[in-house]
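The values are calculated or read from the model by the stated rules, or taken from the named source; none is laboratory data. Quantities reported herein were computed from a predicted structural model and do not represent experimental measurements. In this analysis, Cβ positions are derived from the backbone assuming ideal geometry, glycine residues included, and neighbour counts consider all displayed protein chains. Surface areas here come from the heavy atoms of the whole protein model, side chains and all, with no ligands, DNA or RNA. Shrake-Rupley method; radii C 1.70, N 1.55, O 1.52, S 1.80 Å.
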Amino acid sequence: MHTACYDIVVIGSGPAGQKAAIQGAKAGQRVLTIEQESRVGGACVHRGTIPSKTLRHSALTLLNFKRHFSTIAPLTLQPDVELTSLMSHLEHVVRAHERYMADQLARNGIDQWHGRARFIAPRILDVLSLDGSHRRVTGEIIVIATGSRPRTPEAIPVDHEHILDSDSLLSIMYLPASLTVLGAGVIASEYASIFACLGVQVTMIDRSERPVSFLDPELTDCFVQALEANGGRFLARQEVAQVAWDGASTVVTRLRSGDVIHSEKLFCALGRLPNLDGLNIAAAGVTLTERGFIAVDDNCQTSMPHIYAVGDVIGPPSLASCSMEQGRRAMRHALELDIGNPPEMIPVGIYTIPEMASVGLDEHEARQRYGEVVVGRAPFTELARGQIASSTDGLLKLVADAQGQRLLGVQIIGEGATELIHVGEISLLAGCNADAFVDHIFNFPTLAEAYRVAALDIAKRRPAPASTTPPAPAVYHWRNSHLTSSPQ
Ligand SMILES: Cc1cc2nc3c(=O)[nH]c(=O)nc-3n(C[C@H](O)[C@H](O)[C@H](O)COP(=O)(O)OP(=O)(O)OC[C@H]3O[C@@H](n4cnc5c(N)ncnc54)[C@H](O)[C@@H]3O)c2cc1C
């Protein structure tokens, strides 16, 4: 069998593989991508980020309509709303994004094969094409970017009709009257809040105390309140004993506590597993982690120096945003190009309703590391824009050092949080003090004004300076695009 030879072979065309391939091609390498699906884009475009955010957009639009016009135009969804009618532009959004990704690959001269890749030696892959034929290819560098899939515990009989996972949830025909959500991670919380906004009776069940337990509890408490305000509920510290479809109309969920929950559908969102099945990873010779993900170093290099692994296949944070950066970094490292420092901080954006976002240290982490800290809060009720947009269920927290000066982190819940967080991220990277937000002019009315409100709160709470001479206020000015401060 003829064996094709490439400088770089990338397995998978999701965000991680795509960015790796483009980086390689831009450096003048001959690059091949192998994708088992007939369409490029990965879970991100077809089953994850883009579809869920499209449904979310519709749910939020309905919620905002209800908030603003319920007195003059009461809105009730018809019974048996087809899910596709709530995402009528999804096909358009997916096609547009997919086309953009495919064009980008083509524009950069990247060859694309469609088929399932399988290692037969550390440098040789067999590719089973969609028409059943086999091809072979070798790569000087091989990038594994095969993504992840939902984890389904044996006790949960996912049938993709009544008991669903994140791959099948959006394929249901009609909006259910009720939905049980198992799990309290990012995907569980996003979908729980979206469906609750659409009027579905949502019950989230998890072992943990709070949803999205890695976030500041003040934010997640606000999230639970918002979920409850939309008719949902979160059952904390609960173990599921059994899940079964009754064969007629109901999914029955029995908890170890003895409680029983009945719902029309159940969504199982209990974590993700790496896509390694069928890849014959043993023949690649790479080491796996205890949890079965591919083990990599800071540059995404595996135990085999010519093989890199990027994206969900290496485990958390399992975000499209991070996957893209991993693809780029891995390729630059492989090609011995300047790689820059690893990102100092990873912003987290969670598209629940309302959104949640975090960057840097939260209050608890900062206290653990530094002891004393000063925290400033800006409830969105204090923002004109929050009132105008009826987005008052928000809060921005600024965490500063013990003197109430240097910023250590930002946490936000509320509409626009995933956008607003980048103001905080850049401020942290620029080493700004909290006062930068006081001395700065914000457009009015904006949600970004929350930074100023929280900074004023910090100024109010910071300890009085030990010296009787007040410190010279900092003057902030733009120099070479960096915010720098100097004493007046
Ligand atoms: C419901 C949901 C919502 C999400 N929302 C967000 C969000 O809002 N923001 C965010 O940043 N992230 C989000 N994510 C996470 C994001 O989708 C993933 O982190 C991202 O898709 C990972 O990219 P990847 O390239 O590693 O893998 P994928 O996007 O999964 O792509 C992997 C590709 O590899 C292909 N492949 C697998 N095995 C083989 C093989 N043997 N041969 C050839 N091809 C193969 C697959 O077909 C697939 O196309 C969400 C995920 C889900 C499930």
Which of the residues that make up region 329-347 are surrounded by fewer than 21 Cβ atoms within 10 Å (Cβ to Cβ) and either within 10 Å of the ligand (Cβ to nearest atom) or touching a residue at least 12 places away in the same chain (Cβ under 8 Å) (or both)?
332, 333, 335, 337, 339, 342, 343, 344, 345, 346, 347
Let me confirm something: among 231, 278, which residue is touching a Lys or Arg at 6+ places or on another chain (Cβ under 7 Å), touching a residue at least 12 places away in the same chain (Cβ under 8 Å) and either outside any strand (DSSP E or B) or acidic (Asp, Glu) (or both)?
278
Which residues, counting only those in region 1-17, are near the ligand (Cβ under 7 Å from one of its atoms) and among the polar types (S, T, N, Q)?
13
Any residue at all in region 265-273 that is assigned to a loop (DSSP other than H, G, I, E, B), open to solvent by 50 Å² or more (accessible area, probe 1.4 Å), at pLDDT 95 or above and more than 27 Å from residue 421 (Cβ to Cβ)?
no
If residue 91 satisfies every condition in (1) of a type in the set (Asp, Glu); (2) outside any loop (DSSP other than H, G, I, E, B); (3) at pLDDT 90 or above but one, which is the exception?
(3)
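Could you tell me whether residue 91 is away from the ligand (no atom under 16 Å from the Cβ), among the charged types (D, E, K, R) and either out of contact with any Leu (no Cβ under 9 Å at 6 or more places or on another chain) or farther than 20 Å from residue 160 by Cβ (or both)?
For residue 91, the condition - away from the ligand (no atom under 16 Å from the Cβ), among the charged types (D, E, K, R) and either out of contact with any Leu (no Cβ under 9 Å at 6 or more places or on another chain) or farther than 20 Å from residue 160 by Cβ (or both) - is met.
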So which strands (runs of 3 or more DSSP E) are wholly in region 111-196 and hold at least 3 residues that are open to solvent by less than 50 Å² (accessible area, probe 1.4 Å)?
111-121, 124-129, 134-144, 178-182
Report, by residue number, each residue of region 33-65 that is crowded, with 20+ Cβ neighbours inside 10 Å, near the ligand (Cβ under 8 Å from one of its atoms) and either on the phi > 0 side of the Ramachandran plot or of a type in the set (Gly, Ala, Ser) (or both).
41, 42, 43, 48
